[in-house]
Amino acid sequence: MKFAAFIHNSKTCLGRLVENDAFLERFDVSESTIEQDGVVSLIDRPLPDITAKIPVSDVELLAPIPRPRRNIFCVGKNYYAHAEEFAASGFDSSAAKGAVPEAPIVFSKLPETVEATGNSIRLDSAVTNTVDYEAELAVIIGKAGRNISKEEAMSYVWGYTIVNDVTSRDLQGYHSQWLIGKSQDSFCPMGPWAVTADEIDLADTTVKCWVNGDLRQDSNTGLLIFDVPTIIAAISNGITLNPGDVIATGTPAGVGIGFNPPKYLAAGDIVKIEIEGIGTLENPVEDI
Ligand code: MG
């Protein structure tokens, strides 16, 4: 199933997509619950009553988790070809240890970076002019756990969504730690909605990204260096994962710094990410 948070007639709503994603069945859920937790409020409970059926074209989609309760976990350098292109770019403060990591590289993005599909990625040229896109499959955790084994890890996955792990390359390199370069305001477009875990085959799901219609990234989750069970086992090693935690699994090759000269984002660009079985996340780039 696919679930979306959205605004309809000025009311914050939650619903299920039906009829080839053309309509939303609106659930009976309070607005205050949706504004923070979005689809997370559906975890571990029977589906709420349906109160209306609304064309998707009549709503404004929100991010499926509009304001995550804590930072979004992210995995760096998790596709071989991207690990090579990033190490070669000169911005990789971890490159001394080799292009391909021996253990998952995990960093985080602030919850306030999340933006819905359609919202702008905001460029502040007084801060950075090296803003890049990263198409990623994101895991939504469905139950609490600590020291989760790889064998049990998939039972902790509730669903998936798409994240654009937007990055300032100069800030990422300058600060060595990646949080500032990854957590600039508006740097985590998420959506367009969430799908339940049964909808995605992690061994074979395509991940694509276009900038202004130019196909830049074209890969498959079957090519992850560290697969989802390995990532969950690594992050939960001494850290309790909670329902609603989001883990972005890393981006494939074809980001802007993979080109010579680099192809950074500029005002007026449109970044479109499509992950098979989920949908399309599309965000314009705007100067502020
Ligand atoms: Mg990334």
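Every number in this text was worked out from the coordinates using simple rules, so none of it is lab data. Source: prediction; values computed, not measured. Every residue, glycine as well, gets a Cβ built from its backbone with ideal geometry; the counts of neighbours run over all protein chains shown.
For the chain, report the convex hull volume of the alpha-carbon atoms normalised per residue, in Å³, without decimals.
For the chain, the hull spanned by Cα atoms encloses 122 Å³ per residue.
Where Lys and Arg each count +1 and Asp and Glu each count -1, what net charge lies around Thr117 among other residues with Cβ under 10 Å from its Cβ?
Result for the local shell: -2.
Would any residue of the stretch 55-93 have its amide N under 16 Å from a label point 7 Å out along Cα→Cβ of Glu19? List them or say none.
Hits in the stretch 55-93 for Glu19 at 16 Å: 55-59.
Only sites in a loop by DSSP and with at most 16 other Cβ atoms within 10 Å count here; which chymotrypsin sites (Phe, Trp or Tyr not before Pro) in the stretch 199-279 make the cut? List each step's numbers first, then the result.
On the way: sites: Trp210, Phe226, Phe259, Tyr264; in loops: Phe226, Phe259, Tyr264.
Passing sites in the stretch 199-279 are Phe259.
So how far apart, in nm, are the two label points at Asp170 and Thr33 if each is 7 Å from Cα heading toward Cβ?
According to this spin-label approximation, the distance is 4.7 nm.
Hand me the trypsin sites (Lys or Arg not before Pro) from the stretch 40-101 located in a DSSP loop with no more than 13 other Cβ atoms within 10 Å, in residue order please. If you can, show how the numbers build up before the last one.
On the way: sites: Lys53, Arg69, Arg70, Lys77, Lys97; in loops: Arg69, Arg70, Lys77.
Taking the stretch 40-101 and a limit of 13 other Cβ atoms within 10 Å, the loop trypsin sites (Lys or Arg not before Pro) found are Arg70.
Under a point spin-label approximation (7 Å from Cα along Cα-to-Cβ), what is the Lys143-Asp204 distance to one decimal in nm?
2.9
Using each residue's phi in the stretch 177-183, evaluate 6.51 cos²θ - 1.76 cosθ + 1.60 at θ = phi - 60° and report the 3J(HN,Hα) Karplus result to the nearest Hz, with x for Gly and Pro.
Taking θ as phi minus 60°, the curve returns 6, 8, 4, 5, x, 9, 10 Hz for the stretch 177-183.
Quick one: 3J(HN,Hα) in Hz for the stretch 138-148, Karplus 6.51/-1.76/1.60 with θ = phi - 60°, rounded, Gly and Pro as x.
Ordered by residue, 3J(HN,Hα) equals 10, 8, 10, 6, x, 8, 6, x, 9, 6, 6 Hz.
Out of residues 5 or more away from Thr51 or on other chains, whose amide H comes under 5 Å of its own, with H placed 1.01 Å from N in the peptide plane?
Arg26, Phe27, Asp28
Among all stretches of the chain without exposed GluC sites (Glu not before Pro) (DSSP loop, at most 16 other Cβ atoms within 10 Å), which one is longest?
103-275
Do any of Lys109/Lys272; Lys2/Lys77; Lys11/Lys109 go past 25 Å between their Cα atoms, and which?
With Cα atoms farther than 25 Å apart: Lys2/Lys77; Lys11/Lys109.
How far is it, in nm, from the label point at Glu151 to the one at Glu286 when both lie 7 Å from their Cα along the line to the Cβ?
For the pair Glu151/Glu286, the computed spacing is 5.1 nm.
Angle between the Cα long axis of helix 80-89 and the longest principal axis of the chain, 0 to 90 degrees, nearest 10?
So the inclination is approximately 50 degrees.
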